[in-house]
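Remarks on the structure that follows.
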Amino acid sequence: MMMESALLFWPVLADGADSFFSASEIVAMVISVLGSSALTLALSAFIFEPMNQRREYVFSEKQTYYNNMMVFAEIVIKPKEAKESAKVSWDIRNCTEERNTENALSCLSMGIPKLKLITKSKKVIEKTELFIKKKDAQAFEELVKALRKDLYRIW
């Protein structure tokens, strides 16, 4: 039964023909297969791979920058706890809580131009500016949600 159904798809020989395909047809099929493989390789090498590398780079840059933003925001929200755990570019342990908060807000404010470069999301910028203005836990949570959504939107 299986053999009979397979034979239905077997090409029929023309009267007096010695083979199924002529040499030019076989060459055309080989060129077609090789051509499609070469096209796939070219698309992969010149389009898909650079796009994936760009996505990975953007993701990495955003992740690093967003982590830094979270550190600064946590210094503003929890200045006492931040003295023991945060690693920033100034000596956080020797500054007053008010000075640490000012420094962190300054870093967040100064980072907005870079933020505009690495994200297309207006919501991230709005939530960052809102947090700088309000300096409260609710604005912090909204900022975290916006950053998370923007960061993982790529993937």
Please report Rg (one decimal) and Dmax (integer) in Å for the Cα set of region 23-155. 23.5, 86
Taking 7 Å along the Cα-to-C-beta vector as the label spot, tell me the Glu49-Met29 distance in nanometres, rounded to one decimal. 3.1
For Lys114 and Glu129, calculate 0.36 nm times their separation in residues minus their Cα-Cα distance, and state this gained length in nm to one decimal. 4.1 nm
Ranked from fewest to most other Cβ atoms within 10 Å of their own Cβ, Phe21, Phe59 fall in the order Phe21, Phe59
Eligible lysines near Lys122 by straight Cα distance, threshold 24 Å, same-chain separation 8 or greater: Lys62, Lys114, Lys133, Lys134, Lys135, Lys145, Lys149
May I ask you to sort Asp91, Asp150, Asp136 by Cβ crowding, counting other Cβ atoms within 10 Å and putting the fewest first? Asp91, Asp136, Asp150
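Laboratory data are not the source of any read-out in this text; all were calculated from the coordinates shown. Because the structure is predicted, anything quoted here is derived from the model rather than measured. A quick note on method: Cβ atoms are made from the backbone with ideal geometry, for glycine too, and the neighbour counts reach across all protein chains shown.
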